[in-house]
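Q: My questions all concern the structure below.
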Amino acid sequence: MIETVMGTEKITWYKTINWEQAIRAFQGSKTVYPSYYTLVNYHGIKNGYLNPIAAITYDIITPLATLPSEQWLRQYLLKAITVNPKKILELGCGTGTNTINLKKTFPDAVVIGLDLSPYMLVIADKKAQKDQQEIIWKQGLAESTEIPSSSFQLIIISLLFHEVPNAVSQAILKESWRLLKPKGQLIILDGNQNRLRHMKWLTQLFREPYSATYAQGNIIEWLEKNAFQDIQVQLAGGIYQVTSAYKFQ
């Protein structure tokens, strides 16, 4: 089934990866995986994002979940950017599709993609090399990055909040505030919570362990609680929204 969807050429490419060796380049010696990450099977995959199958199939699942078009939705995110960043961070970068788009849009900027899964970072790095894009990939927790404060003019959080408990999402916003420079911009792409509350079948279809609780939250309230200002929300792609906010203090 996977071979039919992905094609023989891409499957052959994935089979050439020595996963045990490849992930060493991205694994931090002090990385501790939190229980919210290890005790659930994202998308029904055993061990979730700590399974190479999750990395291999991510670029199949995401387009199906981001109708009408994944790239259209991600371009919608790019259009919300108002700053001219010299340094950009994407938290929960996955296989790097959006991170690569950011580097292409701001070729002179330093772009960092952070994700907790070393398997996702292996795929992200291979995609970036194929596109000849120089991106720094870092393994780490989005809620505790260990990156110096006030480092970035732009932080992107794309399709991450529905993948973690609401308390973690709010911790990620607190960390984003710390990492942003004054007048820095934060952009979040994720499901519209009001709409997701009435679409429980979608959560069940994609076997998302935290989407139902995410739908009960309120991103705007979370941002206000963490001192973000000039919060703007734009609906996109049926069930999605792009939220923009700034650190002015």
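The values are calculated or read from the model by the stated rules, or taken from the named source; none is laboratory data. On a predicted model such as this, the values are computed, not experimentally measured, just so you know. With ideal geometry, Cβ positions are generated from the backbone for all residues, glycine too; neighbour counts draw on all protein chains shown. Ligands, DNA and RNA are stripped out before the accessible areas are found, and what is left, the full protein with its side chains, is counted by its heavy atoms. Shrake-Rupley method; radii C 1.70, N 1.55, O 1.52, S 1.80 Å.
Q: Expressed as a whole percentage, what fraction of the accessible surface of the chain belongs to carbon and sulfur atoms when a 1.4 Å probe is rolled over the protein heavy atoms?
A: Values: 6280 of 12090 Å².
Answer for the chain is 52 percent, counting heavy atoms of protein chains only.
Q: Contour minus end-to-end for Asn41 and Gln132, with contour as 0.36 nm per residue of separation and end-to-end as the Cα-Cα distance?
A: Values: separation 91, 0.36 × 91 = 32.76 nm, distance 3.31 nm.
In short, 29.5 nm is gained.
Q: Related question: Filter the cross-link list Lys183/Lys225; Lys86/Lys181; Lys104/Lys174; Lys103/Lys174; Lys30/Lys87 down to pairs whose alpha-carbon distance in this structure exceeds 23 Å.
A: As for pairs spanning more than 23 Å Cα to Cα, those are Lys104/Lys174; Lys103/Lys174; Lys30/Lys87.
Q: Listed highest first by mean packing, meaning other Cβ atoms within 10 Å per residue, what order do 149-160, 65-76, 120-131 come in?
A: On the way: 149-160: 21.4, 65-76: 15.8, 120-131: 19.3.
Descending mean neighbour count gives 149-160, 120-131, 65-76.
Q: Keeping every protein chain present and rolling a 1.4 Å probe, give me the accessible area per residue for the chain in Å².
A: Accessible area per residue: 49 Å².
Q: So, in nm, how far is label Gln27 from label Lys15 when the simple model puts each one 7 Å beyond its Cα toward the Cβ?
A: Computed distance between label sites Gln27 and Lys15 equals 2.5 nm.
Q: Okay, moving on. Amide H neighbours of Ser158 under 5 Å, counting only residues 5+ apart in sequence or on other chains, H built in-plane at 1.01 Å?
A: Those lying under 5 Å, H to H, from Ser158 are Leu91, Leu189.
Q: Taking R0 as 30 Å, what's the FRET efficiency between Phe248 and Arg195 from their Cβ-Cβ distance, rounded to 0.05?
A: The computed FRET efficiency comes out at 0.50.
Q: Enter the Cα centre distance for the pair segment 30-44 and segment 107-136, rounded to the nearest angstrom.
A: Comparing the Cα centres of segment 30-44 and segment 107-136, I get a distance of 22 Å.
Q: Based on Cβ point charges of +1 for Lys and Arg and -1 for Asp and Glu, what charge dipole magnitude is obtained for the chain about its Cα centre, in debye rounded to the nearest 20?
A: It works out to roughly 220 debye.
Q: Could you rank the peptides 232-242, 182-192 by their average count of other C-beta atoms within 10 Å per residue, with the highest value first?
A: 182-192, 232-242
Q: Determine the gain in length on full extension of the stretch Ile61-Ser149; use 0.36 nm per residue of separation and subtract their C-alpha separation, reporting nm with one decimal.
A: Between Ile61 and Ser149, full extension yields 28.3 nm more.
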